[in-house]
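Data block below; observations after.
The values are calculated or read from the model by the stated rules, or taken from the named source; none is laboratory data. Small disclaimer: the values here were computed from a predicted structure and weren't measured. No Cβ is skipped: glycine too gets one built from the backbone with ideal geometry, and neighbour counts run over all protein chains shown.
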Amino acid sequence: MKKQKIGSLAIFLLSVGNAMAQQLNGKITNEQGEALPYANVFLLSQQDSTFIKGTVSDEMGVFSVDGYSKGDILKVSAMGYKTSYLPCQSDSVGIIAMQEDSKLLGEVVVKGHRNYVKSNNMGLTVSMIDNPLSKLGSALDAIKQMPLISGIGNNISVLGKGTPEIYINHRKVRDNSELQQLPSQNIQSVEIITNPGAKYEADVKSVIIIHTKKQDLGWAGLARFTGVLSGVSYGIGGLDLSWSGRQGLTLYGSGNLGGSGYKQSGYYLEDFNSGQYQTRTDGTYKRSSQNLKATFGGSYDFGSNSVGIRYEFSRTPHNKYTSTNDIMTNVDSNYSNLESTSEESTQSSRHYINSYGSFKFGAKKNYELTTNVDYLYNITGTSSQIGEHGQQYQNDITTDSHGNNHLFAAKANWNASWKNVCLDLGVQYSYTKTHQTFGGNATAEKNFFDASYDEEKQHLTAGYVAANWQISKNWSARTELRMENTDFTYLLNDKKIEEQSKTFCDWLPYLSLDYQKGNFGLDISYSTTVDRPSYSMLSNNYSYTSHTSWYAGNPLLKSALERTLELVTSYRKTRLSVSYTHSMRELTTIYYYQEDLKANVGTVVNLPSYNYFQFSLSQRLDVGIWHPSVYGMLKVQKLEYGNPEMSYNKPRLRVIMRNRFDLPWGIYAYFDGMWIGKGYSSTIYTKNDVLLDMGLNKSLGNWSFTIYWNDCFKLWRQEDLVRTNGVSFYQHFKGGTHNVSLNVTYSFNKKKNYRGKSAAQDEINRL
């Protein structure tokens, strides 16, 4: 009897152990033995073939997936190859050689609708294999159509998380024009990370990572052209070339030349000195620029290791902003009605070098060391002329400013993965030095244009540790901690200003607990982020806008801090998130009345601490050829500020609806709309805004054609109101978003992008 009990117990323990989460490893290649990166790997239940977990192979074709049991089925698929199915019998399936499928080149009839979006504890992953978004033309066009993304023009944001950092194969994108240059058909998958954690810089609230497809051996290229018809019409052209050899060497170069611009009309309403003075400014505003950019670099892969270097030169020889205004004010009868013209010209150039190394070691290549080193130097010169003329008033203002910036940064990250644990350790250092000179004169104003020389120096040292645990088949956890020490020195006219120079340390923890089972997901997280003021905000100078409107820098600004608790739940194509944030020292623009100028002065300040909630809901559907997606976000805040104190607590709702229609002959049509309701975000009150866009896409072989009609009914208005300290500042603009664009691309082979990653992107953004 005793032996029987022991035997039963042994059987029970064996069955439990067999059911416990185990890690499955393998490598995917083609028939020639070459690695297949970013192949789709799915773990299916042995009982009913239901989906358990999924991943993609890395750039060396290697993959690992947790949570398998013996007898489960491994499904492997890649574009252009036959799908493979293998039983899971041990922790390693070895090398999986995929066979090419020539039938994929012919016509394919797809029944039903594949789910291209997978939720995880970091956010979402969008597969682009056979995804209609891959036909759109550019990466920018495709990303603007993805879940949780809001896009206006060339700008994109993650709902509730602001502007994201964007990476292409681990390299930071510094200009969204790169997304316009990358064809959507060359993308393997896109990760939308809503909880970046400690691995990223402290001011990063969201991240988008684009994984591209593998380049075949030999030459690859991409030619592109975009023409835009609007208030300011322009074109953009570029050529990318790359070569990849059998020994792991890749060389590439690219050049881009084009312009950009917009034209707006609108007005400002200013009410200041507790309602005693009012100013209305009606005007037209135009910006045009020319841009030149060249990039050269190379990388070398040896085994599972890789090194590379990239040099980028960019120049803006022409960037002009002009305005024509009619100003009416009651500040003084001598200048109650003025005509104003202004012109601002800027030239800039930048040199940027990045080098990286990635080294994998260990018997299972489960240890990885990555390094990035950056150097940046840029110079900028700006000159402006403003003329204000009335019957009894004449004023001419000229200003000149010049600046240059130096940045050196280095970052190292060590990653180790075991059966159920993944560990990251990292260090980062950056040194930034900026110089700014300013001078000007005016014929009728008090002299706020004395020549000055500003200099800022900053040493930033950071370290972090991050760990992911696969607790069980369904439960996982992340715990991370980042420390940043900042040493900042401010000099004015070569004299150190003690009250503006400071040294401080920030500790930034991150915690999350995630549950995934079938189509249901639940994640709760706590995070801390930092928002540092740009170096232009820290300037000690005044900027002249009009006789009654000025802008002043604020060298006493401190970094803002946010602590957020968030709950996210998802089921099939529905996603709901609720977050609570405690905001400290938020950076925002406010206005106040300055008696000696008799003017309304705007500046950036640190707000007092306040709290806000954010609720977001998304729903995707498939109804025949119609594929709608609806996203809604509500922000509710509790903020009192100013002298006299005001309440800024009206909730703000934003709704986005996207519609894709799969038409005959491989044509895709898009009709998208966005509505922003009345309400507050920080101290800014936004009125109702509506934006509608249309688009058509058609691909023919290596050619892709996309036509977009942005703000097609000219409904978009930028209407913002700020009331602080007895001052009211309201702006109303239209135009600038209405245009028709044609994007044409031709590509051969498949483009492989540089894999380096900036070591100090937050500092680059501040320059």
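Looking across Asp622, Asp672, Asp689, Asp662, one residue alone is touching a helix residue (DSSP H, G or I) at 6+ places or on another chain (Cβ under 7 Å) and of a type in the set (Asp, Glu). It is Asp662.
Of all residues in segment 184-216, which are more than 22 Å from Asn40 (Cα to Cα) and either among the polar types (S, T, N, Q) or in contact with a His (Cβ under 6 Å, 6 or more places away or on another chain) (or both)? Of everything in segment 184-216, those that are more than 22 Å from Asn40 (Cα to Cα) and either among the polar types (S, T, N, Q) or in contact with a His (Cβ under 6 Å, 6 or more places away or on another chain) (or both) turn out to be Thr194, Asn195, Ser206. Closer than 27 Å to Leu508 by Cβ and of a type in the set (Val, Ile, Thr), is that true of Val601? So Val601 fails the test. In summary, Gly642 fulfils each of the numbered conditions (1) free of Cβ contacts under 8 Å to residues at least 40 places away in the same chain; (2) among the small types (Gly, Ala, Ser); (3) over 29 Å from Leu136 (Cβ atoms) with the single exception of condition (1). Quickly run through segment 492-501 and pick out the residues that are surrounded by 14 or more Cβ atoms within 10 Å (Cβ to Cβ) and part of a strand (DSSP E or B). Listed by number, the list holds a single entry, Leu492. Residues in segment 464-495 that are closer than 23 Å to Ala416 by Cβ and among the β-branched types (Val, Ile, Thr): Val465, Ile471, Thr479.
Checked against (1) farther than 27 Å from Leu567 by Cβ; (2) under 24 Å from the mean Cα position of the chain (by Cα), Ser452 meets all criteria but (2). Set side by side, the residues Val605, Val623 differ, and just one is under 28 Å from the mean Cα position of the chain (by Cα) and either under 27 Å from Thr581 (Cα atoms) or without any contact (Cβ under 8 Å) to a residue 24 or more places away in the chain (or both), which is Val605.
Among strands (runs of 3 or more DSSP E) entirely within segment 564-607, having at least 3 residues that are assigned by TED's automatic domain parsing to the domain that holds Pro533 and farther than 25 Å from Gly275 by Cα singles out 574-584. Answer yes if at least one residue in segment 467-480 is more than 30 Å from Tyr515 (Cβ to Cβ), at pLDDT 90 or above and surrounded by fewer than 17 Cβ atoms within 10 Å (Cβ to Cβ), and no otherwise. No; the residues of segment 467-480 include none that is more than 30 Å from Tyr515 (Cβ to Cβ), at pLDDT 90 or above and surrounded by fewer than 17 Cβ atoms within 10 Å (Cβ to Cβ). Within segment 425-460, the set of residues being touching a strand residue (DSSP E or B) at 6+ places or on another chain (Cβ under 9 Å), charged (D, E, K, R) and modelled with pLDDT under 85 comprises Glu445, Asp450, Asp454. State all residues of segment 620-629 that are loosely packed, with under 15 Cβ neighbours inside 10 Å and part of a strand (DSSP E or B); if no residue qualifies, say none. Selection gives Val623, Trp626. Within the set Asn611, Asn643, Asn600, the sole residue that is surrounded by fewer than 19 Cβ atoms within 10 Å (Cβ to Cβ), over 30 Å from Leu124 (Cβ atoms) and over 23 Å from the mean Cα position of the chain (by Cα) turns out to be Asn643. Cβ separations smaller than 6 Å between residues 6+ apart or across chains give the following pairs from segment 383-403 residues that are touching a residue at least 40 places away in the same chain (Cβ under 8 Å) to residues that are in a loop (DSSP other than H, G, I, E, B) and of a type in the set (A, V, I, L, M): Asn395/Ala444.
Do we find a residue being modelled with pLDDT under 90, more than 21 Å from the chain's Cα centre (by Cα) and among the aliphatic types (A, V, I, L, M) anywhere in segment 729-746? Checked against the condition, which is being modelled with pLDDT under 90, more than 21 Å from the chain's Cα centre (by Cα) and among the aliphatic types (A, V, I, L, M), segment 729-746 yields at least one hit. One residue stands out among those in segment 530-540 that are out of contact with any Ser or Thr (no Cβ under 6 Å at 6 or more places or on another chain) and in contact (Cβ under 8 Å) with a residue 60 or more places away in the chain: the one that is nearest to Ala462 (Cα to Cα), which is Asp531. Filtered by the rule that a residue be at pLDDT 75 or above and of a type in the set (Lys, Arg), segment 156-173 gives a lone residue, Lys161. Of all the residues in segment 312-330, those that are over 18 Å from Thr284 (Cβ atoms) and surrounded by fewer than 18 Cβ atoms within 10 Å (Cβ to Cβ) number 6. Look at (1) more than 25 Å from the chain's Cα centre (by Cα); (2) under 30 Å from Trp475 (Cβ atoms) and you find that Ser401 fails only one, number (2). Just one residue in the set Asp494, Asp487 is acidic (Asp, Glu), assigned by TED's automatic domain parsing to the domain that holds Tyr592 and without any contact (Cβ under 8 Å) to a residue 40 or more places away in the chain; that residue is Asp487.
Scan segment 174-184 for residues that are part of a helix (DSSP H, G or I) and modelled with pLDDT of 75 or more and jot them down. Matches in segment 174-184: Leu179, Ser184.
Among the candidates Lys419, Lys411, the residue that is outside the structural domain of Asp66 (by TED's automatic domain parsing) and buried (at least 16 other Cβ atoms within 10 Å of the Cβ) is uniquely Lys411.
Yes or no: Ser472 out of contact with any Cys (no Cβ under 7 Å at 6 or more places or on another chain), touching a residue at least 60 places away in the same chain (Cβ under 8 Å) and not in a loop (DSSP other than H, G, I, E, B)? Against the criterion (out of contact with any Cys (no Cβ under 7 Å at 6 or more places or on another chain), touching a residue at least 60 places away in the same chain (Cβ under 8 Å) and not in a loop (DSSP other than H, G, I, E, B)), Ser472 does not qualify.
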